[in-house]
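**Q** Below you'll find the structure I mean.
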Amino acid sequence: MTQPAIAFFDDSLAPAVRGFLHSPANPNGDALILTHGAGSDCTAPVLVALGDTFAANGYGVLRCALPFRHERRTGPPFPGNAERDRAGLHNAVAVVRKNVTGRIFLGGHSYGGRQATILCAAEPELVSGLLLLSYPLHPPRKPEQLRIQHLPTLRVPSLFVHGTRDPFGSVEEMTNALRLIPAKTELMTVAGAGHDLGFKGKMKATALPASIVAGFKEMFR
């Protein structure tokens, strides 16, 4: 049985690290940092469910808010904010590392996951692996605008979780994109799911978090 997540704040670095911390009852020494998409925040149902489930499996989990969300509660990031958001993720890793004896993993949903991949392409030793939920391969209905420029330099093992009806990239497109990554990758598909992976509002895809954790543990055992 895990403890309820608690609010977390650390302003020792700028941007500050804010979010919610899930503490496992039986820690395995590893930790996962998860962040949100452009239109959401760190209270997104998919992140809450994953935080609870990873903690139940021994991982310390920090659901962190990206810096653009510190400044306003709604709306997407402004153009030019991405570098600061990546700095926020870098700081989250630094803060978590103070209290973790094992590996640190980084990931997130959509925009947050993409920023994690860009950060780790530039800093391949930062974390031990990535968990990417609904990677936004291209804008909906604009398959020519691929967001793959950094993938050939991403050398961090990565687990991608993607719905078969995600308008930000088909399974075939994702499969082709993952071939560009010179590291171990796996693609877990979620049948019938869109970009929200079956989580919408307060609804929860109850079986999915356990499946993601099982796939993650298998990949990073």
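The values are calculated or read from the model by the stated rules, or taken from the named source; none is laboratory data. Treat the numbers as computed from the prediction; the structure is a model and nothing was measured. Cβ sites come from the backbone with ideal geometry, for glycine too, and all protein chains shown count toward neighbours.
Here is a yes/no grid of residues against (1) among the aliphatic types (A, V, I, L, M); (2) under 15 Å from the mean Cα position of the chain (by Cα):
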| site | (1), (2) |
| --- | --- |
| Arg165 | no, no |
| Ala193 | yes, no |
| Val213 | yes, yes |
| Glu218 | no, no |
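**Q** Just for region 191-221: of the residues that are modelled with pLDDT of 95 or more and β-branched (Val, Ile, Thr), which one is surrounded by the fewest Cβ atoms within 10 Å (Cβ to Cβ)?
**A** Looking at residues that are modelled with pLDDT of 95 or more and β-branched (Val, Ile, Thr), I get Val213.
**Q** Do you know which residues across region 25-45 are surrounded by 23 or more Cβ atoms within 10 Å (Cβ to Cβ), of a type in the set (A, V, I, L, M, F, W, C), assigned to a loop (DSSP other than H, G, I, E, B) and touching a residue at least 60 places away in the same chain (Cβ under 8 Å)?
**A** Within region 25-45, just Ala44 meets the criteria.
**Q** Does Arg97 fit the bill of being surrounded by fewer than 21 Cβ atoms within 10 Å (Cβ to Cβ), closer than 15 Å to Cys64 by Cα and of a type outside the set (A, V, I, L, M, F, W, C)?
**A** Details: surrounded by fewer than 21 Cβ atoms within 10 Å (Cβ to Cβ): yes; closer than 15 Å to Cys64 by Cα: yes; of a type outside the set (A, V, I, L, M, F, W, C): yes.
So Arg97 passes the test.
**Q** Filter region 46-69 for residues that are of a type outside the set (Val, Ile, Thr), under 14 Å from Gly112 (Cα atoms) and touching a strand residue (DSSP E or B) at 6+ places or on another chain (Cβ under 8 Å); which is surrounded by the fewest Cβ atoms within 10 Å (Cβ to Cβ)?
**A** Going through region 46-69, the residues of a type outside the set (Val, Ile, Thr) turn out to be 47, 49-52, 54-60, 62-69.
Applying the additional criterion that residues be under 14 Å from Gly112 (Cα atoms) yields 47, 62-69.
Next cut, touching a strand residue (DSSP E or B) at 6+ places or on another chain (Cβ under 8 Å) only: 47, 62-66.
Values: Leu47: 27, Leu62: 26, Arg63: 26, Cys64: 30, Ala65: 24, Leu66: 30.
For region 46-69, the residue satisfying everything is Ala65.
**Q** Of all residues in region 100-141 being polar (S, T, N, Q) and in contact with a strand residue (DSSP E or B) (Cβ under 9 Å, 6 or more places away or on another chain), which is nearest to Val171 (Cα to Cα)?
**A** Looking only at region 100-141, we keep the residues that are polar (S, T, N, Q), and these are 101, 110, 115, 117, 128, 134.
Narrowing further to those that are in contact with a strand residue (DSSP E or B) (Cβ under 9 Å, 6 or more places away or on another chain): 110, 115, 117, 128, 134.
Details: Ser110: 15, Gln115: 21, Thr117: 19, Ser128: 25, Ser134: 11 Å.
In this case the residue turns out to be Ser134.
**Q** Quick check on my filter: what residues within region 1-19 are touching a strand residue (DSSP E or B) at 6+ places or on another chain (Cβ under 8 Å), surrounded by 14 or more Cβ atoms within 10 Å (Cβ to Cβ) and over 22 Å from Lys217 (Cα atoms)?
**A** Phe8, Asp10, Ala16, Val17, Arg18, Gly19
**Q** Examine region 69-77 for a residue that is closer than 13 Å to His36 by Cα and among the polar types (S, T, N, Q), and state whether such a residue exists.
**A** Scanning region 69-77, I find at least one residue that is closer than 13 Å to His36 by Cα and among the polar types (S, T, N, Q), so the answer is yes.
**Q** Failed condition for Phe105, given (1) over 22 Å from Pro124 (Cα atoms); (2) modelled with pLDDT of 95 or more; (3) of a type outside the set (Ser, Thr, Tyr), with all others met?
**A** Here Phe105 clears every test but (1).
**Q** Turning to a different aspect of this structure: Going by what's in this entry, would Lys184 be described as out of contact with any Leu (no Cβ under 7 Å at 6 or more places or on another chain) and modelled with pLDDT under 95? Before you say what the answer is, go through the steps one by one.
**A** Details: out of contact with any Leu (no Cβ under 7 Å at 6 or more places or on another chain): yes; modelled with pLDDT under 95: no.
So Lys184 does not fit the description; no.
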